[in-house]
Amino acid sequence: MVHELLGINNNRIDLSSVPGISKELREIVLSAEHDEFYANNMQLNFGEIGNNIKELMEEFQQKSKSQAKVESISDMKSFIENYPQFKKMSGTVSKHVTVVGELSRLVGSHCLLEVSETEQEIVCQSDHSVVLQKIQELMTNPKVRDVDKLRLTMLYALRYEKHSNNAISRLVQELGKQGIGENQKRMTKMILDYGGAKTRSSDIFGNDPVSMTKKFFKGLKGVENVYTQHKPLIHQLLDNLIKGKLREGMYPYLGTSQLRDRPQDVIIFIIGGTTYEEALTVHTFNKTTPGVRIIIGGTHVHNLQSFMTEISQAVTVVQHARSRGQTPGQSRW
């Protein structure tokens, strides 16, 4: 969430554009190695982190005999301004209050909870008409950012590309009506060229019979958190690898003997880039699977902006190669 909305570059976050930001907080560092609060909270969701910061402040209030009201994010920010000794006592927590405060502002200003819920439903649910109606409502909402309208359209295109009544063209036209430029509108076609049904080798939406059965029973039990329904493909791959069910045809390995024992050390490196959601998946497996150690890395850590840049570059290279009669990946000497 932090990387998507604020951007993390070499553990640094640029907050200079945040309204009313103080000079010392215009750029902050998030490092689990040097920041205990960050290390303890980096894998938690937005609501949990807010509660943890509130508890820390309440602890300080008890020690300082303060009667100040601290219930909301804005209360927290005011508290820090009025009690400078809190900064000294809590070390780097003040910067986290600032980050959470800015995230809270963006979430409220741009209807990001509604956008996030709809994104989850596009990927994890299968009621096309309900999903389409929600997307159309958000597309005409002036509070929703253009980049979020584009992302909803791209996700919808990937999910319902083969649906007989898909409304991809209609949604792209609506992007134009909302003032979104041609270059951004073309991203919908580019995402299909890059990762559409014709180019994917894996089922990323869980449309196979086994996955659909799991979804059915999960739907009967209800969803614990509508904002965290989605699990990346790497979750299924790791689960199959640990259980010895990974398909050798798609994921070959070196050696003459069969893999019978559960692997102890797993190194994942994704060419093209990984995400913090995939890192969270690895973290969860490491916590819940004794005897297995997993490390993940990649050529980049993506948010939407960096991913769209990569898609645009990759598709342009392929189109250029085809126009010259070359197979993508070939070069002329």
Any pair with Cβ under 8 angstrom, 6 or more apart, that starts in region 1-18 at a residue that is more than 16 Å from Met42 (Cα to Cα) and in a strand (DSSP E or B) and ends at one that is of a type outside the set (Phe, Trp, Tyr) and open to solvent by less than 30 Å² (accessible area, probe 1.4 Å): Asp14/Gly7
Options Lys149, Lys162, Lys143, Lys134: the member that is open to solvent by 30 Å² or more (accessible area, probe 1.4 Å) and assigned to a helix (DSSP H, G or I): Lys134
Residue list for region 257-284, filter: open to solvent by 40 Å² or more (accessible area, probe 1.4 Å) and either of a type in the set (Phe, Trp, Tyr) or within 30 Å of Asn10 (Cβ to Cβ) (or both): Asp265, Ile267, Phe269, Ile270, Ile271, Thr275, Tyr276, Glu277, Leu280, His283, Thr284
Any hit, region 243-256, residues being open to solvent by less than 50 Å² (accessible area, probe 1.4 Å), of a type outside the set (A, V, I, L, M), over 30 Å from Leu6 (Cα atoms) and modelled with pLDDT under 95: no
The lone exception for Gly7 - which of (1) touching a strand residue (DSSP E or B) at 6+ places or on another chain (Cβ under 8 Å); (2) of a type in the set (Gly, Ala, Ser); (3) at negative phi it fails: (3)
Some residue of region 75-93 being closer than 30 Å to Thr281 by Cα and modelled with pLDDT of 80 or more: no
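The values are calculated or read from the model by the stated rules, or taken from the named source; none is laboratory data. Bear in mind the structure is a predicted one, so any value in this text is a computation, not a measurement. A quick note on method: Cβ atoms are made from the backbone with ideal geometry, for glycine too, and the neighbour counts reach across all protein chains shown. The accessibility values were calculated without ligands, DNA or RNA, using every heavy atom of the protein model including side chains. Shrake-Rupley method; radii C 1.70, N 1.55, O 1.52, S 1.80 Å.
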